[in-house]
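To start, the structure itself, in C-alpha cells.
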Amino acid sequence: MKSILHDAERLGLLAHAENLGPLLDRKEEEIHHRDRKGKRYLEILAALPEVKPSSCDLDQDQIRIGEKNDLTEEQHQSLTTALRQCMPWRKGPFRLFGVDINSEWVSWLKWDRLKNHIQPLQGRRILDIGSSNGYYMFRMAAANPAMILGLEPYLTFFFQHCLLNRYAALSDHYCLPVKLDELPLLEGFFDTIFCMGVLYHHRSPHDGLSRIRAMLRSDGELVLETLIMPGQEEIALSPRDRYGKMSNVYFIPTVPCLKNWLRHAGFRSLRCIDITPTTLMEQRRTDWVDTESLDDFLDPRDRLRTVEGYPAPVRAILLANKR
Ligand SMILES: C[S@@+](CC[C@H](N)C(=O)[O-])C[C@H]1O[C@@H](n2cnc3c(N)ncnc32)[C@H](O)[C@@H]1O
C-alpha cells in the first residue's frame, strides 16, 4: 500500500506525501490490527504460492496471468482455495495460472463501449475511482500509461487486486483502500479520471464531480459511467429506500440532468457516448459469486422494473473535459 509513497518523488507526488503518509498509516493500522476481514485477507495473501508467471496478457477480454504449468498440483490447489476465499468476484473475467474466474460482470462489454472514444492512455496519469478488483486498471495498463492509481474502499475487492497484482507485478500501478473524499486533493495531477459505477453512491454528486475536476490537469478528461433514468427531463430519481436492492443509491439522473451536474462542476465538451440497459447476459450469478445478482433485483413479473418498481438499470457513459 505504501509503495506509492516510496515512489512519490518519481511520480511527482512529493508535495502530497505529507498528507498521504498519515492516511496510509491509519489504513494500514486498521487493516492489520482492527479489521477482522483485513487480517483474514492478509493471511490469505501470506499463504499464496511464491511463483513468477511465465506470461501476462492484459490486453484481452479475459485477463490472463500465468499458465497452469507454472504451478505444481499442490500450489494450484492452494491458489484455487485462496481465490475462492476472496469471493465474490464481481468484475472480470480473469484466468490466473489456468484457473478461470468467471465473474458476475462481463466487464469487457463496458470497456468495449468506451475504449475507442477516450484519449489514448499512453503516458498518462490515471485515477480509477471505485476500481474494484482492478479489472479496468489492468486493461488500462496494457496501454502503457505513466501511472495508475485505483481507489477501492471495500476490502474484499481491494485484496482481490492485491492478489492479482502480486503476480502481474505491474510497476507504477497502485491501489489504495480509500474513498474519493478521503484522498488528499491531488490538484491538477491526473490526465484521465475514470469514475465508473460510483456516482450514484455519492450523497452529494455535485461535490464529488467538483473534487474530480480539481484533480484533473487543465486539459484532462473525465470518463463518467453511471446509472441513469430514461427521459429528457432535467430530473433525478432519489430512491425512497433501495434501488435494485442496493441500499446506498442516492441519485440517479437523466442524461440531461447529469450534463447539468457536470456543467455546474465546471466541465466542458460533454459527450454522451453510450446508453445501454444492463442485461442478464452482462450481469449474472456465476459460481464465483455467492450473493444475489441482477436476476434477483428485477421484478419477476416485469423485467423492465426493479423489485422496488423503479425503471430497470440503464447505464450511460459520458466524457467531459476540464476546460
Ligand atoms: C459498482 S462498483 C463499480 C466498479 C468498476 N468501477 C466498474 O465500473 O465496474 C462501485 C465500486 O466503487 C466503490 N466505491 C463506493 N463508494 C466509493 C467512494 N466514495 N470512493 C471510491 N470508491 C467507492 C465500491 O466499493 C465498488 O467497488
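Read-outs throughout are calculated quantities, based only on the coordinates presented, and are distinct from any laboratory measurement. Because the structure is a prediction, the values reported are computed rather than measured. In this analysis, Cβ positions are derived from the backbone assuming ideal geometry, glycine residues included, and neighbour counts consider all displayed protein chains.
Legend: distances between Cα atoms for 91/115; 68/110; 27/110; 39/115; pairs beyond 25 Å are 68/110; 27/110; 39/115.
Using the alpha-carbon positions of the chain, Rg (one decimal) and Dmax (whole number) come out as 19.6, 59 Å. Annotation: Cα Rg of region 1-142 relative to the compact-globule expectation 2.2 N^0.38 Å equals 1.20.
The equivalent ellipsoid that matches the C-alpha gyration tensor of region 175-323 spans semi-axes of 28, 18, 14 angstrom, in descending order. Our coupling estimate for region 88-99, obtained by passing each phi through the Karplus curve with A = 6.51, B = -1.76, C = 1.60 and θ = phi - 60°, is x, 9, 7, 9, x, x, 10, 10, 10, 6, x, 8 Hz, Gly and Pro reported as x.
Beta-bridge orientation, the chain: approximately 55 percent antiparallel, per DSSP, counting only bridges with both partners inside. Calculated mean residue ellipticity, 222 nm, the chain: -9000 deg cm²/dmol, from DSSP H runs (n ≥ 4) at -39500 (n - 2.57) each, averaged per residue and rounded to 500.
Subtracting the Cα-Cα distance of residue 111 and residue 10 from their residue separation scaled by 0.36 nm leaves 33.4 nm. Derived scalar couplings between HN and Hα for region 301-317 equal 8, 8, 5, 8, 10, 6, 4, 7, x, 7, x, 4, x, 10, 10, 10, 10 Hz in order, rounded to whole Hz, by the Karplus curve 6.51 cos²θ - 1.76 cosθ + 1.60 (θ = phi - 60°), x for Gly and Pro.
For region 81-135, the alpha carbon positions stretch 39, 21, 21 Å along the principal axes, listed from largest to smallest.
In region 1-159, the DSSP beta bridges split such that about 40 percent are antiparallel, to the nearest 5. When only alpha carbons are used to place a centre, region 254-280 and region 145-222 end up 19 Å from one another. Annotation: the residues 317, 118, sorted from fewest to most other C-beta atoms within 10 Å of their own C-beta, follow the order 118, 317. Taking the Cα-to-Cβ direction at residue 73 and at residue 241 and moving 7 Å from each Cα, how far apart do the two end points lie in nm? Spacing of the two 7 Å Cα→Cβ label points: 5.3 nm. The slack in the chain from residue 274 to residue 203, taken as 0.36 nm per residue of separation less the alpha-carbon distance, amounts to 23.1 nm. Mean-square fluctuations from a GNM of the chain, with a 10 angstrom spring cutoff on Cα atoms, peak among 221, 73, 282 at 73. In percent, rounded to a whole number, the relative contact order of region 3-321 is 15, using alpha-carbon pairs under 8 Å and six or more apart.
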